[in-house]
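Undergrad: Below is a structure I'd like to ask you about.
The values are calculated or read from the model by the stated rules, or taken from the named source; none is laboratory data. Just so it is clear, the model here is predicted, and its values are computed rather than measured. All Cβ positions, glycine included, derive from the backbone under ideal geometry; neighbour counts span all protein chains shown.
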Amino acid sequence: MTTSRPPFALPERLSSELGRVRDYWSGLKRGENAVPFADDVKLSALPGFESRLVLVDVFEKPQRFRLNIVGSDIRDWYGADLAGKFADEIEAKGPFEYFIAQASATVEAAEPTYHHDGFMRLLLPLWGGGYVSMLLGTIVRP
């Protein structure tokens with residue numbers, strides 16, 4: 001039996017910037033929990049990264065993703081302010097190509113995911129209300 005690589009799998013090595021955000025996320029885990037709680041995230045704990053971070057609210061049934069906080073570099077790369085918009089309401093361009101697919105895979109697997117297509121994007125699941133209720137993400141240019 002062959003095993004397939006899951007979509008949006010993390011590479012063997014992350015860039016130092018993405019790795020630092022992933023390490024921050026890992027450090028938020030409580031006890032044996034595999035996913036940290038959304039209410040433990042403090043963006044101020046990642047100084048120097050604010051402009052490249054995104055917080056995404058996850059809604060169930062139907063599954064939708066609302067961009068809650070969008071860093072200034074990300075806004076500049078996209079060319080518009082996206083805070084408060086649902087991912088299915090914006091054009092899938094620049095740093096948001098294949099975003100919905102990646103976000104959905106992150107929720108389904110409840111594990112970090114990675115996408116690289118002109119931008120490097122890391123999405124990390126956060127638990128709340130009995131499901132993955134938020135995603136912490138970082139987007140950088142290589």
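Undergrad: Name, by its number, the condition in (1) touching a residue at least 24 places away in the same chain (Cβ under 8 Å); (2) farther than 24 Å from SER44 by Cβ; (3) aliphatic (A, V, I, L, M) that does not hold for MET120.
TA: Failed condition: (2).
Undergrad: Would you mention how many residues in the range 41-74 are within 11 Å of ILE139 (Cβ to Cβ) and basic (Lys, Arg)? Write out each step before concluding.
TA: Step one: of the range 41-74, the residues within 11 Å of ILE139 (Cβ to Cβ) are 49, 51-54, 70-71, 73-74.
Narrowing further to those that are basic (Lys, Arg): 52.
Residues in the range 41-74 being within 11 Å of ILE139 (Cβ to Cβ) and basic (Lys, Arg): 1 in total.
Undergrad: Strands (runs of 3 or more DSSP E) wholly in the range 100-142 with at least 3 residues that are crowded, with 20+ Cβ neighbours inside 10 Å - which ones?
TA: Numbers: elements: 113-116, 120-128, 131-140.
Fully inside the range 100-142 and qualifying: 120-128, 131-140.
Undergrad: Mind counting the residues in the range 18-52 that are β-branched (Val, Ile, Thr) and not in a loop (DSSP other than H, G, I, E, B)?
TA: Let us first name the residues in the range 18-52 that are β-branched (Val, Ile, Thr), namely 21, 35, 41.
Remaining after also requiring not in a loop (DSSP other than H, G, I, E, B): 21.
Summing the residues that are β-branched (Val, Ile, Thr) and not in a loop (DSSP other than H, G, I, E, B) in the range 18-52 gives 1.
Undergrad: Now, a different point. Name the single residue, out of those in the range 87-99 being of a type outside the set (Phe, Trp, Tyr) and not in a helix (DSSP H, G or I), that is nearest to PHE8 (Cα to Cα).
TA: Initial filter on the range 87-99 (of a type outside the set (Phe, Trp, Tyr)): 87-95, 97.
Restricting the remaining residues to those that are not in a helix (DSSP H, G or I) gives 90-93, 97.
Working: ILE90: 21, GLU91: 20, ALA92: 17, LYS93: 17, GLU97: 13 Å.
Of everything passing the filter in the range 87-99, GLU97 is nearest to PHE8 (Cα to Cα).
Undergrad: Would you mind telling me which numbered condition in (1) farther than 20 Å from GLY19 by Cα; (2) of a type outside the set (Lys, Arg); (3) without any contact (Cβ under 8 Å) to a residue 60 or more places away in the chain SER133 fails?
TA: Answer for SER133: the failing condition is (3).
Undergrad: Here's something else I'd like to know. In the list ALA83, ALA109, which residue meets the criterion of being closer than 22 Å to ARG13 by Cβ and of a type in the set (A, V, I, L, M)? Please lay out each step first, then the result.
TA: Numbers: ALA83 fails: closer than 22 Å to ARG13 by Cβ.
Residue meeting the stated conditions: ALA109.
Undergrad: Which residue pairs have Cβ atoms under 7 Å apart, sit 6 or more places apart or on different chains, and have a first residue in the range 1-29 that is within 16 Å of LEU53 (Cα to Cα) and of a type in the set (Phe, Trp, Tyr) and a second that is modelled with pLDDT of 95 or more and surrounded by 14 or more Cβ atoms within 10 Å (Cβ to Cβ)?
TA: Partner pairs satisfying both residue conditions: TYR24/LEU46; TRP25/PRO36; TRP25/LEU124; TRP25/LEU136.
Undergrad: Now for a separate question. Pull out all pairs, ordered by first then second residue, where Cβ-Cβ is under 8 Å, the residues are six or more apart or on different chains, the first lies in the range 46-59 and is within 25 Å of TYR131 (Cα to Cα) and surrounded by fewer than 17 Cβ atoms within 10 Å (Cβ to Cβ), and the second is modelled with pLDDT of 95 or more and not small (Gly, Ala, Ser).
TA: Here the result reads PHE59/PHE65; PHE59/ARG66, each pair linking the range 46-59 to a residue that is modelled with pLDDT of 95 or more and not small (Gly, Ala, Ser).
Undergrad: Here's another thing I want to ask about it. From the list ALA92, ALA87, ALA101, which residue is farther than 17 Å from LEU43 by Cβ and in contact (Cβ under 8 Å) with a residue 40 or more places away in the chain?
TA: Details: ALA92 fails: in contact (Cβ under 8 Å) with a residue 40 or more places away in the chain; ALA87 fails: in contact (Cβ under 8 Å) with a residue 40 or more places away in the chain.
Result of the check over ALA92, ALA87, ALA101: ALA101.
Undergrad: Confirm whether ILE69 is surrounded by fewer than 20 Cβ atoms within 10 Å (Cβ to Cβ), β-branched (Val, Ile, Thr) and not in a helix (DSSP H, G or I).
TA: Working: surrounded by fewer than 20 Cβ atoms within 10 Å (Cβ to Cβ): yes; β-branched (Val, Ile, Thr): yes; not in a helix (DSSP H, G or I): yes.
Considered against the rule, which asks whether it is surrounded by fewer than 20 Cβ atoms within 10 Å (Cβ to Cβ), β-branched (Val, Ile, Thr) and not in a helix (DSSP H, G or I), ILE69 comes out as yes.
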